[in-house]
Amino acid sequence: MEAIAKLRNYPTSPRKMRLLADLIRGKKVENALAVLEHNTKHPAVPLRKLVLSAINNWKQKNEGGDEGQLVVKTIMVDGARTLKRMRPAPQGRGYRVRKRSNHVTIVVDIKNEEEKTDRKIKTNAKTTNSKTTTKTNNQ
């Protein structure tokens, strides 16, 4: 059973957070934590805490489950509120400064063997279908 953790209104731009999210998407939880621990970008710290929170949420839902098989199933970074400020500019004008923030949602779950077999069956079916269509076209 999957577990969800959310980080709301974190004051960094979604673009910067997505760079880190792309690094851990689909990886095992241990590998994701190691990547975030040794990353120099400043959003790595709250993202690491969020992964740990998702692991704890999963433990509470699945008592006695093996957390070694946990995978970051999905991670989404969405834009949140934007604070609009003014910065002084030449000749009495003002430049607008947009201080962006983001929402992060992470889902962790065990990678099932059933999903792997389903994918293999689908790919085998596609290859057999493509072989039959090429044979009929060649004849």
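The values are calculated or read from the model by the stated rules, or taken from the named source; none is laboratory data. For clarity, every value in this text was computed on a predicted model and none was experimentally measured. We place every Cβ from the backbone using ideal geometry, glycine too, and count neighbours over all the protein chains shown. The accessibility values were calculated without ligands, DNA or RNA, using every heavy atom of the protein model including side chains. Shrake-Rupley method; radii C 1.70, N 1.55, O 1.52, S 1.80 Å.
Quick notes on this structure:
- GLU67, GLU37, ranked by accessible area, largest first (probe 1.4 Å): GLU37, GLU67
- Taking amide H as placed 1.01 Å from N in the peptide plane, LEU70 has its amide H under 5 Å from the amide H of VAL29, each at least 5 places away in sequence or on another chain.
- The coefficient of translational diffusion for region 32-108, derived via Stokes-Einstein from the alpha carbon Kirkwood radius under 4 °C and 1.567 mPa s, stands at 84 µm²/s.
- From phi via Karplus (6.51, -1.76, 1.60), per-residue ³J(HN,Hα) for region 24-39 in Hz, x at Gly/Pro: 9, 5, x, 8, 5, 5, 4, 5, 5, 5, 5, 5, 6, 5, 9, 8
- Ranking by accessible area, most exposed first, for ASP22, ASP109 with a 1.4 Å probe: ASP22, ASP109
- Lysine pairs within region 10-76, Cα separation less than 28 Å, 8 or more sequence positions apart or different chains: 22
- Exposure check, 1.4 Å probe, all protein chains in place: LEU19 carries approximately 100 Å² of accessible surface.
- Estimated FRET transfer efficiency when R0 is 30 angstrom, pair ASP78-LYS27 (beta carbons, to 0.05): 0.90
- Computed from backbone phi with θ = phi - 60° and the Karplus coefficients 6.51, -1.76 and 1.60, the 3J(HN,Hα) list for region 67-73 is 7, x, 9, 5, 10, 6, 6 Hz; x is used for glycine and proline.
- A dipole drawn for region 32-97 from +1 and -1 charges on Cβ atoms has a positive end, and of PRO88, ASN57, THR40 the residue lying farthest that way is PRO88.
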